Amino acid sequence: MTQWLEQANRWIQPVLWGWPVLLAILLAGVLFFVRLKGFPLTHVRLWMRKTLGSLFCRRRTSGEGKGISSFQALTTALAGSIGTGNIVGVATALTIGGPGAIFWMWVSAGLGMATMYAETVLGMRYRQTDGQGGFLGGAMYYLEYGLKCKSLAVVFAGACVLASFGMGNLAQSNSMGMAIQGAFGIPPFWTGLVTAVLLGMILTGGIRRIARVTEKLVPAMSLCYLLAGLAVLAVFWHRIPQAFGQIFAGAFGFSEVLGGVGGYSLGAALRTGVSRGIFTNEAGLGSSVMAHAASDAKEPAEQGMWGIFQVFIDTIVVCTITALCILCTGVLDTGLDGAALSAAAFQSVFGRGGQWLVAVAIPFFAFATMLGWSYYGECALRYLCGLGVFGLRHSRGIVLSYRLMFSAVTLLGCQMDLHLVWSLCDTLNGCMAIPNLCALFGLSGEVAQETRGYLQKRKPT
C-alpha cells in the first residue's frame, strides 16, 4: 500500500502542489494586502487590541453565546495549525531548502495574515446554524452561497475530509511516534494506540469539548516551548546576527552563486519555505475558517483579526524560534532531519533533557493538531451529508464512523516513512487550496467592503 501511495503521489503532486498553486496563494495574499490597504500592517494596534488585549476582558472570552468564544475559536484554529510543522516542518524546511527557506516562510506568513483575515471574514458572512444553537462554517459554504459554485464546494469538502487524515493525522502521529521512540524507546505502535484511545474519548464531545481542551492545552504548551527556545537563544545570543545573515543570504541564493547552483538553491528555498509556511499556518487552505466560524462573535472583521493573530503567533513567532535555535546551535550540518534535528538544537543547552523536551513537546503539539483537524474533517463531512453526496444522508452514523476511523489512522501514521507523509500532505493541501483560491479571488470585493464598513463604524461622528 505504501509503495502504491508513493508512486501515485509522485505523479499527482507536481500538478496539485506545483508552482502555479504556490504562486496563486502568494498572489491571493498580495491581492488582499492591496485591496485592504495593508490592513494587517496599518492596523496592528487595532487587531492586537481586539485579540491579545481582549484576553484580559472575561466577557470577550467566556463562550456563553450560541457558539464557542472567539478565544476558543482561536485556540481550536491554533490547535490545527500549531503542530509538528512548527518543530519538524521547520527542521525539514531547513534541510531541504536551506536557511533561505525561513525567509520565504516569513513572506508566506506576512501575506498569509491578509489571506487568513479574508477567509475568516467570508466564513463568518456565509456561516450557517447547525440546528442546535451553534454555527457551521467553512470554505464550502462561501463557495456555495457566495461564489454560487456548489461543485467546487463539494470538491473542497471532499478534499478537506482526506486532508484531515493526512495533514491532520498522518503527519502528526508520525512525528509523535518517531519522537517518543527516539527519546524513550517506546515502539510507535503503542504510541499510536494510546493516542487513538485519547482521541476517541475527546472527539465524542464535539466542538465544545474540543474547544475546552484546546483553550487550556494550546496556551500552556506554546508558552513552555517558547520559553525553552528563548533559553537556547539566550545562551547563543552572539550567533543570532549570523543566523539572520544565513537566512537572508540563502533566500536569494547569494551564498551559492559562486558555486553555480544559486538558481536551484533559490528555487528550493522559495518552494520549501512557502510550502512549509502554508503547512504550518494554513493560510490559503480554508481549513481554519471552520473553527473561526464556530465562534459567537458578531462582527466578521473582528473575528478576522483573530485569524491575523493566529498566523502571527504560529509562523512569525513559534516557527522563527525553532529556526533560530537550529541555526544558532550549528546542528544543521550534522545530517539529522525532522524531530531529531530540532532535538539536537535543544540538547546543545539542556543536554539529554533537550531530547526529552522535544519528545514531550511534539506529542502535545501533534495531539492538539489532531483535535483541530478532526473538527475540520467532521464539518466537511456534515456538509456533504447535508447535500446527500454519494448517498450520505445519515450524518450521525457517518460522523461517528469518521471519528472512529480518524482515531484508528493514528496507528498507521506512527509507522509510515517521514518524507512520504510530508509529500502526501503537500498533495492534499493542493486539493483544498485550488477551490478555496477560486472563492478568495472571486469574493475579494466583499472582504474589502466588509472591512471598509467596519472601519467606518469605528470613526467618531
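Here, each number is a calculation from the coordinates, and none is a lab measurement. Everything numeric here is computed off the predicted structure, so don't read it as measured data. Every residue, glycine among them, receives a Cβ derived from its backbone with ideal geometry; neighbour counts consider all protein chains shown.
Some values worked out for this structure:
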| item | result |
| --- | --- |
| Burial order of peptide ranges 234-242, 287-295 (average beta-carbon count within 10 Å, highest first) | 287-295, 234-242 |
| Scattering curve values for the range 319-361, log₁₀ I(q)/I(0), Debye with Cα scatterers, q = 0.31 Å⁻¹ | -1.17 |
| Whole-percent pair-distance distribution, where bins are 5 Å wide, for the alpha carbons of the range 156-204 | 5, 19, 23, 22, 16, 9, 4, 2 |
| Extended-chain gain in nm, criterion 0.36 nm per residue less alpha-carbon gap, F244 and I12 | 80.0 nm |
| Sorted peptide list for 194-204, 212-222, criterion being average Cβ within 10 angstrom, highest first | 212-222, 194-204 |
| Packing-based ranking, highest mean first, of 339-351, 373-385 given that Cβ atoms within 10 Å are counted | 373-385, 339-351 |
| Cα centroid of the range 6-27 to Cα centroid of the range 120-164, whole Å | 23 Å |
| Distance between the range 219-235 and the range 288-357 - C-alpha centres, whole angstrom | 10 Å |
| Filter on K50/K298; K37/K457; K37/K216; K298/K457 - keep pairs with C-alpha separation over 24 Å | K37/K216 |
